[in-house]
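Worksheet: one structure, shown below.
Just so you know, all these numbers are worked out from the coordinates, no wet-lab data involved. Because the structure is a prediction, the values reported are computed rather than measured. Counting neighbours? That spans all protein chains shown, and the Cβs are built from the backbone with ideal geometry, glycine included.
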Amino acid sequence: MFTSNCCTAITRPGSPADGAVTFTLHSFLRSMGRRADGRTYEQLRAALTRLERTTLESTEGAYWSAPTGPADISFTVLSTVSVQRRRVADREQLHLFGNLAAGEPGDARVTLSATLRANLAARHVITLSAARYHALSSPVARRLYRILEVARSDGRLSWRITLERLAEQMPLSQRYPSHLTRVLQPAHEMLLSAGLVRDIAIRQYEKEWHVDYVLGSRPRDEN
């Protein structure tokens, strides 16, 4: 969850064109509404490192790249991360400046990957409600929420997908329709309860099983 919040804060609109962002660890934590102390400083450093070292992979054209369209691609959220701890001598002078915290542990400079920058510049992005996202206790429900918001961004009021294709996109290890239905049912109930979808139905058309989602309009608090 901490890494997800960190990623959201870095990729907000208005980031520099070259993707390089400089900030203090203290101010970054406060911008996310987190307490700034030794524990959260270490969590932030670890989250930034994960965003640099974790590779995201897309196959079968699942990722939409602004320059090329559907693409098979692999990338990291952050291409570079540098966190410099301030020297003790420097930190002793911080009390002279009212807008800086005396316990300030250092400065960070991160660079958003070129792949993400291209999509941000082309506005190939969707907006999620952080409150609604974190209210979904199931990882499956959260993944579905992200996928459904992509469909909603195209102006659709309903969306149909085969169970097999949905399992590939999420991804889910189950393959039999009965198994997938059982895995999806709790997530579907959460999405319906949260008002993120109006109706969900799993039906068989000819030889394939499909899921039909009725999306409706975006809730007012997310407009």
Give, rounded to the nearest 20 debye, the magnitude of the charge dipole that region 130-222 has about its Cα centre when Lys and Arg contribute +1 at Cβ and Asp and Glu contribute -1 at Cβ. 100 debye
Taking only Cα atoms of region 98-208, the Rg to Rh ratio with Kirkwood Rh works out at 1.12
So for each of 180-190, 126-136 I average, over its residues, the number of other beta carbons within 10 Å; can you give me the resulting order with the highest mean first? 180-190, 126-136
Label residue 114 and residue 134 with points 7 Å out from Cα along Cα→Cβ: what is the distance between them in nm? 3.5 nm
